[in-house]
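One structure is given below, encoded as structure tokens.
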Amino acid sequence: MGVELEPVFSLVSRRCGSALSKQQRERIGHLADSLRRGRSVAEFVEHLEAHGQLELLELMATASVHKTDLFRDEAQLEALEEHVLEPLARTGRPLQVWSAGCATGEEVATLLLLLARVGAHPASRVLGTDLSTSALAKAKHLTFSNEAMRRVPAALVAKHFSQHDGRMVLSPRLAAQARFQQHNLVETPYPFSDAGTVFDVVVCRNVLIYFTVDAAERTVGLLAERLAPQGTLVLSAAEPILKPRADLETVRFGGTFFYARRDRVREPEPEPLPPPRPSAPVAAPVAPTRPTPQPSPPARASTTPEEEGDQLFSLVLDWSAAGQPDVETEAGLRKALYLSPQLAAARYCLGLLLEQRGLRADATTEYRRALSLLDQGQARATPFFLNTGRLTTACRLALARVSR
Ligand SMILES: C[S@@+](CC[C@H](N)C(=O)[O-])C[C@H]1O[C@@H](n2cnc3c(N)ncnc32)[C@H](O)[C@@H]1O
């Protein structure tokens, strides 16, 4: 696509956070040409900035990828259910969950099903937001194709869905617990829950993978601000946080990891409170029970350097959001790769870290190396990270992102 459209690409990228790949630029370029109506590029950009909100939204939406399914990444969802949602449900209070970048609603339906399965309070709510109004228009129906339903456990299908015109319709009881709202993650303010509170769980999966490094970093911070104290942020396994953050820490459950909002600065022991008055204002959201992190598996005597590499890589994933300087994360990844050169997942993470440091050429090299191992069937499988199929997709997306 011609360089003359660069100001349009730059505006769209800034407004939706996306690091536009070649294909996305092509799509935006075609649409921009049809929307320009004889205006020069400079005039068109000026128009978009001054009064072209709808056209800009259309341009941003054309760059978006809405690929989604119910029960996408079952291993992560299993851990979310067992270690986060179940303990929260046991508090007996209504839970507030946000699916940020919910596309056509499959993730919202999945979260509603999980909340039902753990016996969450019936007044619990799931908010679904997305940039794209056309995706949200579909999401609101909570009605899905058989293809999107293929991973939903049969017992949940039987209990919560009915068939209509060849599509599967979520029960009105569960659908009533969902709300949808248009929201651009690049813009503030961020939404609150239906109850006017922050959220127990924020799920933002497969969205940041399309973002520029700066937009992703800022978004993670803003999402963390919408978490209840010690609430849980769920990113996809392809979007690990590799630079230390003051606001979040990694919580690891076997092969999956979430991010928990760090405790606010510990206050001195409070004076005993007077007994509550009946007219006391409604309390701020109650802190959910903090999921108990599982300790990393104890180091055992390795028999091969590859196994040592696996163990080190697994540890590095724990360090990254635990405040460890990213030079140490990088050193850890490089050592893991020295021990186990076919650890494509560690190469992918090294690429992410280098990309986050602005070293695009070096990041590209690592993504290419990881992809070449995967394409040649030589990648070492890592049970605690993405499977090879999903890692391949993540590497391709990363390459598209950095090869602008
Ligand atoms: C690949 S889908 C992910 C859907 C779902 N979270 C999942 O993992 O299955 C990415 C979604 O992010 C949305 N998106 C992209 N940029 C966004 C932004 N700046 N604000 C809000 N949503 C955005 C897209 O419209 C798209 O629906």
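The values are calculated or read from the model by the stated rules, or taken from the named source; none is laboratory data. This is a predicted model, so every value here is computed, not measured. Cβ: placed from backbone, ideal geometry, glycine included. Neighbour counts: every protein chain shown.
Look at VAL169 and say whether it is more than 16 Å from the ligand (Cβ to nearest atom), surrounded by 15 or more Cβ atoms within 10 Å (Cβ to Cβ) and at pLDDT 95 or above. Here the answer is yes, as VAL169 does meet what is asked. Restricting to segment 139-155, name every residue that is surrounded by fewer than 18 Cβ atoms within 10 Å (Cβ to Cβ) and under 25 Å from the mean Cα position of the chain (by Cα). Within segment 139-155, LYS140, HIS141, SER145, ASN146, GLU147, ARG150, ARG151, PRO153 qualify. Looking only at residues of segment 71-91 that are within 15 Å of the chain's Cα centre (by Cα) and outside any helix (DSSP H, G or I), we find that the one that is surrounded by the fewest Cβ atoms within 10 Å (Cβ to Cβ) is ARG72. Cβ-Cβ contacts under 9 Å between residues 6 or more apart (or on different chains), taken from a first residue in segment 188-216 that is free of Cβ contacts under 8 Å to residues at least 12 places away in the same chain to a second residue that is small (Gly, Ala, Ser), are listed as ASP214/GLY17.
If you filter segment 172-187 down to residues that are part of a loop (DSSP other than H, G, I, E, B) and touching a Lys or Arg at 6+ places or on another chain (Cβ under 7 Å), you find that the one that is nearest to the ligand (Cβ to nearest atom) is VAL186. Here SER193 does not qualify as over 22 Å from ASP73 (Cα atoms) and in a helix (DSSP H, G or I).
Applying the condition of being in contact (Cβ under 8 Å) with a residue 40 or more places away in the chain and buried (at least 23 other Cβ atoms within 10 Å of the Cβ) to segment 92-103 and asking which residue is nearest to PHE144 (Cα to Cα) yields CYS102.
It is to be established whether one or more residues within segment 218-233 are at pLDDT 95 or above, surrounded by fewer than 22 Cβ atoms within 10 Å (Cβ to Cβ) and more than 14 Å from the chain's Cα centre (by Cα). Scanning segment 218-233 turns up at least one residue that is at pLDDT 95 or above, surrounded by fewer than 22 Cβ atoms within 10 Å (Cβ to Cβ) and more than 14 Å from the chain's Cα centre (by Cα).
Screening segment 43-82 for residues that are in contact with a strand residue (DSSP E or B) (Cβ under 7 Å, 6 or more places away or on another chain) and within 12 Å of the ligand (Cβ to nearest atom) and picking the one that is farthest from LEU113 (Cα to Cα) gives ALA63.
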